[in-house]
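Engineer: Let me begin by handing over the structure; questions about it come next.
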């Protein structure tokens, strides 16, 4: 772990990241010592920092620190957290905060191969996500909804949980973005009121555009989901997992999902 | 600062309080070495811990650690944070987490006497609070809404900002609870969808009951607020501040507010 450029494992207990969740983060893969999709991740990080008024450290600085960890940990999950730094009392941010940057690596989880090939069993979470357009799409540190949702199941056969919003629209997985396939078209939930707009979601949308596959970002109901030909989940650690089993939805054939999975894992964009 | 019983100023950077805002807090006053309303604060802390599934440390343990700080800092603001502790990756909480407790003190801000006596100027925040019934009322560490709201003004004459929810109902101040007085009755916003139910709000409600003043917890619109005879804000640090100036509301007489203020500052309950 590298904290503000130095090896370390702790932060000041008056850091606004702890006090208020006042910061953002990203998770990406290091494979064979190489950061996967780093410039795109950096763009997202910078966008999210700007959305809450934090000045993002430069891509050179963060890239160098990630590169340092990649030397000793060439196959790992890397996590970057940027917070508004230590503070005196009060919610109002200082004019020129000393941003905290925390770069860490951890082992890549050993998921069964069947998750990617034969699909996963998914749980429908009871918690409904609240709407906050000012924070929607951003990967910020206020993640209690995800924590409470992930605490709802403990059956190890269930690999992910799906979240609806307060109006009953499908939004995402607890740690992944969601797509459905119907009649050869892709659909993914609109995230303008809540949810996290992950990089792999963006990559799938861009891939569809390149392949001239119609991909609609729209409101999706649970009925839309259950009537899909295929459902799949994406994030930077898992890649793409087709959904085998969700509520009344069941499927064992995922031709479109597996085509996109192949591209996501091997595509350069 | 005392962290898990030992003097210190830092926490592990993999603490879930930082990663996800997975924790709760309280702020209370120490006056002449005495913790004000400590048993009531502890009840709130314990309630909030339970709401997100954290086992709260005992009142004896936390009280002893606060007492230790009160010896060297007999007039101060004390803050208690309880988090779900350090973690491996993933939103799902461990079965038996090692809870982190952080006890700190800071100086009592030197607010002008006029705030309590002649009232304050208040800003109407543009940010609208999202609804999340599962977290409503709880003083948890996901406070980005408060941060963004408090960043909206920097006029030092403005002492607090008022927040409405996504439906336009009045909820609270950025760091205080709100009451209005009309025709001798008290009204305070319902906090079942969002907001923080502070201890001083509870004390005012209890005081009204004892005094047989009608106090309604209800939905309040901005029009209700602007048509009030008096508006006041409460929290454990400021006590009670009447509102002198808010949007189109203006007042210089606060007989009911000042009566409640007197009791809040000197009442034993």
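Engineer: Just to verify a result, which residue in region A:206-236, among those that are assigned to a helix (DSSP H, G or I) and touching a strand residue (DSSP E or B) at 6+ places or on another chain (Cβ under 8 Å), is nearest to residue A:180 (Cα to Cα)?
Structural biologist: A:225
Engineer: Of the residues that make up region A:108-116, is at least one in contact with a strand residue (DSSP E or B) (Cβ under 9 Å, 6 or more places away or on another chain), at the interface with another protein chain (Cβ under 10 Å from one of its Cβ atoms) and closer than 21 Å to residue A:151 by Cβ?
Structural biologist: yes
Engineer: Another question about this same structure. Restricting attention to region A:47-57, does a residue exist that is more than 10 Å from chain B (Cβ to nearest Cβ), modelled with pLDDT of 95 or more, in contact with a helix residue (DSSP H, G or I) (Cβ under 6 Å, 6 or more places away or on another chain) and under 30 Å from residue B:25 (Cβ atoms)?
Structural biologist: Looking through region A:47-57, at least one residue is more than 10 Å from chain B (Cβ to nearest Cβ), modelled with pLDDT of 95 or more, in contact with a helix residue (DSSP H, G or I) (Cβ under 6 Å, 6 or more places away or on another chain) and under 30 Å from residue B:25 (Cβ atoms).
Engineer: So, one more: Do you know which of the residues in region A:135-158 that are surrounded by fewer than 19 Cβ atoms within 10 Å (Cβ to Cβ) and without any contact (Cβ under 8 Å) to a residue 24 or more places away in the chain is farthest from residue B:18 (Cα to Cα)?
Structural biologist: A:156
Engineer: Do you know which of the residues in region B:48-60 that are assigned to a helix (DSSP H, G or I) and in contact (Cβ under 8 Å) with a residue 40 or more places away in the chain is nearest to residue B:77 (Cα to Cα)?
Structural biologist: Per the criteria, the residue is B:48.
Engineer: Hey, can you tell me all the residues within region B:117-137 that are outside any strand (DSSP E or B), facing chain A (nearest Cβ under 9 Å) and touching a helix residue (DSSP H, G or I) at 6+ places or on another chain (Cβ under 9 Å)?
Structural biologist: If the condition is that a residue be outside any strand (DSSP E or B), facing chain A (nearest Cβ under 9 Å) and touching a helix residue (DSSP H, G or I) at 6+ places or on another chain (Cβ under 9 Å), then B:130, B:132, B:134, B:135 are the ones that fit.
Engineer: State all residues of region B:63-89 that are touching a helix residue (DSSP H, G or I) at 6+ places or on another chain (Cβ under 7 Å) and facing chain A (nearest Cβ under 9 Å); if no residue qualifies, say none.
Structural biologist: Passing the criteria: B:81, B:83, B:84.
Engineer: Among the candidates B:20, B:12, which residue alone is in contact with a strand residue (DSSP E or B) (Cβ under 7 Å, 6 or more places away or on another chain) and within 12 Å of another protein chain (Cβ to nearest Cβ)?
Structural biologist: B:12
Engineer: Which condition from (1) more than 14 Å from chain A (Cβ to nearest Cβ); (2) within 19 Å of the chain's Cα centre (by Cα); (3) exposed (fewer than 14 other Cβ atoms within 10 Å of the Cβ) is the one that residue B:60 breaks?
Structural biologist: Every listed condition holds for residue B:60 apart from (2).
Engineer: Step by step: first the residues of region B:152-193, then only those that are under 14 Å from the mean Cα position of the chain (by Cα) and assigned to a loop (DSSP other than H, G, I, E, B), then the one that is farthest from the other protein chains (Cβ to nearest Cβ). Which residue is that?
Structural biologist: B:191
Engineer: Given the residues B:146, B:96, B:142, which is the only one that is in a loop (DSSP other than H, G, I, E, B) and modelled with pLDDT of 95 or more?
Structural biologist: Selected residue: B:142, the only one of B:146, B:96, B:142 that is in a loop (DSSP other than H, G, I, E, B) and modelled with pLDDT of 95 or more.
Engineer: So which residues in region A:78-91 are outside any strand (DSSP E or B) and at pLDDT 95 or above?
Structural biologist: A:84, A:85, A:91
Engineer: Within region A:91-115, track down each residue that is over 23 Å from the mean Cα position of the chain (by Cα) and surrounded by 14 or more Cβ atoms within 10 Å (Cβ to Cβ).
Structural biologist: Within region A:91-115, A:91, A:92, A:93, A:97 qualify.
The values are calculated or read from the model by the stated rules, or taken from the named source; none is laboratory data. Just so it is clear, the model here is predicted, and its values are computed rather than measured. Quick reminder, even Gly has a Cβ in these numbers, built from the backbone with ideal geometry, and neighbours come from all protein chains shown.
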